[in-house]
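Structure first, then comments.
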Amino acid sequence: MWFEWILVIIFGLCFGSFANVIITRVPHRQSIFCPPSHCEKCQTSLQPHHLIPLFSYLLLFGRCAFCHQRISWIYPFTECCIMILACISFYFYSFSVNTILIFLFFTSFFIATLIDAFHQEVHAEILFFVLLLSCIFLYFNSEFFLNSLIEPLAIIGFICLLSIFLQAILHKKVIGEGDIVVLAATAILINNLYLFNLILLSSSCLALIWLLIKKQQKIALLPFLFFPTFYLFFGQSQ
């Protein structure tokens, strides 16, 4: 088992390194394949030994090997978080299709969450990938796939109507299209009305508390959806 866990940890760290590329480049409409990885400060291309997930950051003491400017903490943070997601997915589902689906779901959700948190924007391609993964997961884990979709779709229909109603009254968009897509993905993945209501309640309370503390007019909603979804999904799985 220890060898399997080592493979999972290495895979999680490597995937986390790739996630950093997405988080860094997608908000700026840059290609995730070129140019090669480089220092954001001096633009010098990095060597292969500078790209070892987490360990390169630690060995370089969090600084660029060329200009010696500090490297953002978000890089090792993302790699560690996605490594933890890989370990948790493997712990609950071992080597299976569910492991891959759940890992990709929460990793994509986490990437979208960080982009929303730092840039307050969502990207349709990432969110619809999250939605697709939730549908595939439900297909493999439901005896009657179409019947299982009825309740989540009814919930999302209600949220869409609520969004239109609030926008008509308040004259501003309260629930964005991206948030609706994520809620749809969450409802399909959880497939449990009670747990989904808990997610809505807890995320709304967290967002309200944050608004009161920061006194902001606009906040990123995905972070407040990610953590309750993550906690209640794996709590249900346990």
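The values are calculated or read from the model by the stated rules, or taken from the named source; none is laboratory data. Values in this document were obtained by computation on a predicted structure and should not be read as measured data. Cβ: placed from backbone, ideal geometry, glycine included. Neighbour counts: every protein chain shown. These accessible areas exclude ligands, DNA and RNA; they are computed on the full protein's heavy atoms, side chains included. Shrake-Rupley method; radii C 1.70, N 1.55, O 1.52, S 1.80 Å.
Relative to the Cα centre, what is the charge dipole magnitude of segment 82-180, using +1 at the beta carbon of each Lys and Arg, -1 at the beta carbon of each Asp and Glu, and rounding to the nearest 20 debye?
With only Lys, Arg, Asp and Glu charged at Cβ, the dipole is about 100 debye.
Where does segment 46-148 land on Rg(C-alpha)/(2.2 N^0.38 Å)? Walk me through the intermediate numbers first.
Numbers: Rg = 17.5 Å, N = 103, 2.2 N^0.38 = 12.8 Å.
Relative to the 2.2 N^0.38 Å estimate, segment 46-148 comes out at 1.36.
Going by Cα centres, segment 1-76 and segment 80-157 are how many Å apart?
24 Å
Evaluate 2.2 N^0.38 Å with N set to the residue count of segment 157-238, then give the Cα radius of gyration divided by it. It would help to have the intermediate numbers written out before the result.
Values: Rg = 13.3 Å, N = 82, 2.2 N^0.38 = 11.7 Å.
The reported ratio for this selection is 1.13.
Can you give the Kirkwood hydrodynamic radius for segment 113-175, in Å, rounded to one decimal and based on Cα pairs?
Numbers: mean 1/r = 0.0712 Å⁻¹.
Evaluated on segment 113-175, it is 14.0 Å.
Calculate for the chain the 222 nm mean residue ellipticity that helices alone would give, adding -39,500 (n - 2.57) per DSSP H run of length 4 or more and normalising by residue count, nearest 500 deg cm²/dmol.
On the way: 9 runs with 168 residues, N = 238.
The per-residue figure over the chain is -24000 deg cm²/dmol.
On the full set of protein chains, 1.4 Å probe, figure out the accessible area of Val181 and give it in Å² to the nearest 10.
20 Å²
Over the chain, what per residue volume does the convex hull of the Cα atoms give, in whole Å³? Before the final figure, lay out each step's value.
Details: hull volume 35.1 nm³, N = 238.
Taking only Cα atoms, the chain has a hull volume of 147 Å³ per residue.
Where does segment 2-99 land on Rg/Rh, using Cα atoms and the Kirkwood Rh? Can you show the working numbers first?
Numbers: Rg = 14.7 Å, Rh = 14.4 Å.
Computed over Cα atoms, the ratio is 1.02.
Can you give the accessible area per residue of segment 1-144, in Å², using a 1.4 Å probe? All intermediate terms of the calculation are to be shown ahead of the outcome.
Working: 8170 Å² over 144 residues.
Per-residue accessible area for segment 1-144 comes out at 57 Å².
At 1.4 Å probe size, what's the solvent-accessible area of Ile84? Round to the nearest 10 Å².
90 Å²
Which order do Ile180, Ile52 take by accessible area at a 1.4 Å probe, largest first?
Details: Ile180 25, Ile52 80 Å².
Ranked from most to least accessible, the order is Ile52, Ile180.
At 1.4 Å probe size, what's the solvent-accessible area of Met1? Round to the nearest 10 Å².
140 Å²
Ordering Arg63, Arg25 from largest to smallest accessible area (1.4 angstrom probe), what's the sequence? Numbers along the way, then the final one.
On the way: Arg63 90, Arg25 20 Å².
Ranked list, largest accessible area first: Arg63, Arg25.
Give me the percent of accessible area attributable to carbon and sulfur for the chain, probe 1.4 angstrom.
On the way: 9680 of 13780 Å².
Here it works out to 70 percent.
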